[in-house]
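K.L.:
Can you keep this structure in mind? I'll have questions shortly.
Laboratory data are not the source of any read-out in this text; all were calculated from the coordinates shown. It should be emphasised that the depicted structure is a prediction, and the values quoted were computed from it without experimental measurement. Quick reminder, even Gly has a Cβ in these numbers, built from the backbone with ideal geometry, and neighbours come from all protein chains shown.
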Amino acid sequence: IDMGTTEVQATRGFAKIFNQKSVGYVDAPVSGGEIGAIDGTLSIMVGASESDMERVKPVLNALGKQVTHIGEIGCGQIAKAANQIIVGLTIGAVSEAFALAQHGGANLEQVWKALSGGFAGSRILEVHGRRMIEDNFRPGGTATTQKKDLNQALDFASAIGIDLPSTQLCHDLYDNLVQRGEGGLDHSALFRLYSK
């Protein structure tokens, strides 16, 4: 069971090697961060054959709250790439929204409270918006890891022939943060590119 975030093509190559030796292979990357790991509430995205999925399901159910069989080998990694695009872009959106509010003179705490109760409310706004307000960027998921994950998503998109311009821009913003020496901070530190 590979629970890391690995390139789709590499994952499929690893599976082929294991399968040649009659060993099953499952890609099962996770989402939920440090909080999800501690609480046992991770979302696990699984790429595997039906038979391998059935064999590993009890183990995965013990580790996560939501275990979803996405499809064949590599599909767990594809879902994880999609997840990281949403996470990265949403952190970017919250960063820009908070920058607008902060530079415009609004109280970030009050803006956060108002947004949390409306359609913009999300787990990312809840957790990472709070980090931005408190200037607390002790890492859960680092900016360097977010950049790496977005790079993997962009590489896969290129391999299948699609462009992801928003993801590219978000990747470049994370690259800027890393180049500033802040790659070890939580990925919500993207806000530092905008804050006063």
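K.L.:
Name the residue from ALA106, GLY117, ILE91 whose Cα lies farthest towards the positive end of the charge dipole of the range 78-193, charges +1 on Cβ of Lys and Arg and -1 on Cβ of Asp and Glu.
P.N.:
Farthest towards the positive end: GLY117.
K.L.:
Counting DSSP beta bridges in the chain, what percent are antiparallel, to the nearest 5?
P.N.:
Within the chain, antiparallel bridges account for around 35 percent of the total.
K.L.:
OK, next. With a 10 Å radius around each residue's Cβ, average the other Cβ atoms per peptide and rank 17-23, 166-172, highest first.
P.N.:
Per-residue Cβ counts within 10 Å, averaged per peptide and sorted highest first, yield 166-172, 17-23.
K.L.:
Right, here's the next one. Gain in length, ALA62 to LEU193, computed as 0.36 nm per residue apart minus the alpha-carbon separation, to one decimal in nm?
P.N.:
Contour length minus the Cα-Cα distance gives 43.3 nm.
K.L.:
Please sort by residue number the chymotrypsin sites (Phe, Trp or Tyr not before Pro) in the range 47-154 whose DSSP state is loop and whose Cβ has at most 12 other Cβ atoms within 10 Å.
P.N.:
Answer by residue number: PHE119.
K.L.:
I'd like to know which of VAL67, GLY13, VAL30 lies farthest towards the positive end of the charge dipole of the range 8-73, counting +1 on Cβ of Lys and Arg and -1 on Cβ of Asp and Glu.
P.N.:
Towards the positive end, the residue furthest out is GLY13.
K.L.:
Out of residues 5 or more away from VAL67 or on other chains, whose amide H comes under 5 Å of its own, with H placed 1.01 Å from N in the peptide plane?
P.N.:
Answer set, sorted by chain and number: ILE44.
K.L.:
Can you sort VAL26, VAL127, VAL56 from fewest to most other Cβ atoms within 10 Å of each residue's own Cβ?
P.N.:
With the sparsest Cβ surroundings first, the list reads VAL127, VAL56, VAL26.
K.L.:
Still on this model: Quote the FRET efficiency, to the nearest 0.05, computed for ALA10 versus LYS113 with a Förster distance R0 of 41 Å and r equal to the Cβ-Cβ distance.
P.N.:
Efficiency for this residue pair is about 0.40.
K.L.:
Okay, next question. At 20 Å minimum axial length over the Cα atoms and a Kyte-Doolittle cut of 0.5, report the qualifying DSSP H helices in the chain, or say none.
P.N.:
75-104
K.L.:
Looking only at ILE73, ILE91, ILE133, which one moves most when the chain is put into a Gaussian network model with springs between Cα atoms under 10 Å?
P.N.:
Of the options given, ILE133 has the highest mean-square fluctuation.
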